[in-house]
Amino acid sequence: MSEARAAEWLLRLAVSPRRAAAAVGDLLEQQPARGPFWFWRNVFGAVATQLWHDLSDAPLRMLWLAITGLLRAWLLTIAFLNASILLCMQLCPVAAGPNAEYIPRQAFYLILILSVTLLQVAAGWDTARRSGRREFASGLALVSLLLLLAAPSLLTWRVFSSTPGNPYPIPPAFHFYLATAASLLLGALLRRLRSLESQARC
């Protein structure tokens, strides 16, 4: 991918394709005299400026999108976890004892991975879909709210307090929330790319 195409692709995540092409064209004209560092600084600066404009232009709407997006993500995750665990308990014999594995450990971690990746991608996609072509900004708002709410858990380093002999040790909170945040943002970006494809077909 050429420098111009990479810059235009990056700008299109935040602005319309026409504006992105015009901005890259203007920057390319001045790049020989100013250098590549100046070029990329202005590209990233333009993206950051547009994202800030999207967030500050309608802060209440972005906050509402983030709140409802997280609520939908959590409800979907809780429903998925309960249904998956109940299904595994029906298919697998229930062991006895305080530290018994009610479901196979591999199944438990598979369910956990799906809940913090694919389900969160879907939640990020849905939030971006409702953003009115401010997909990237809505994804950042969603991730920012998640990390704000997760700050106490991040400071204590673990999602849940572990107990001796726990058959399902939980990874550190940092890994858990980092995967969730990345998946939410990925969903928003995928929705933005889908929106750009639809615009190109029209």
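For the range 3-56, just the Cα atoms, rotate onto the principal axes and tell me the three extents in Å, largest first.
34, 18, 15
With 10 angstrom as the radius, rank ILE78, ILE85, ILE103, ILE111 by how many other C-beta atoms surround their C-beta, starting from the fewest.
In order of increasing Cβ crowding within 10 Å: ILE78, ILE85, ILE111, ILE103.
Once you place label points 7 Å from the Cα toward the Cβ at PHE37 and LEU186, how far apart are they in nm?
So the label points at PHE37 and LEU186 sit 3.4 nm apart.
Test of understanding: ordering PHE39, PHE80, PHE136 by Cβ neighbours within 10 Å, fewest first, what list do you get?
Least to most surrounded, the residues fall as PHE80, PHE39, PHE136.
Can you work out the FRET efficiency for the pair TRP74 and GLN199, with r the C-beta to C-beta distance and R0 = 30 Å, to the nearest 0.05?
For TRP74 and GLN199, the calculated efficiency is 0.40.
What spacing in nm lies between the two simple spin-label points modelled at LEU178 and ALA151, each 7 Å away from Cα in the Cβ direction?
2.0 nm
Whole-Hz Karplus ³J(HN,Hα) for the range 123-139, in order, using 6.51 cos²θ - 1.76 cosθ + 1.60 and θ = phi - 60°, x for Gly and Pro?
Karplus values, whole Hz, x for Gly and Pro: 5, x, 4, 5, 5, 5, 4, 8, 8, x, 6, 10, 4, 5, 4, 5, x.
Can you list residues from other chains, or at least 5 along the same chain, whose modelled amide H is less than 5 Å from the amide H of VAL15?
Excluding prolines and chain starts, which carry no amide H, there are no hits.
Where does the charge balance sit around GLY132 when Lys and Arg score +1, Asp and Glu -1, over other residues with C-beta under 13 Å from its C-beta?
+4
Quick check: residue separation of THR49 and ARG133 times 0.36 nm, minus the Cα distance between them. What number comes out in nm?
Length gained, THR49 through ARG133: 28.6 nm.
Every read-out reported here was derived from the displayed coordinates using simple, explicitly stated rules and does not represent laboratory data. Remember, predicted model here, so these are calculated numbers, not experimental data. Because the Cβ atoms are built from the backbone with ideal geometry, glycine has one as well, and the counts that use them run over all protein chains shown.
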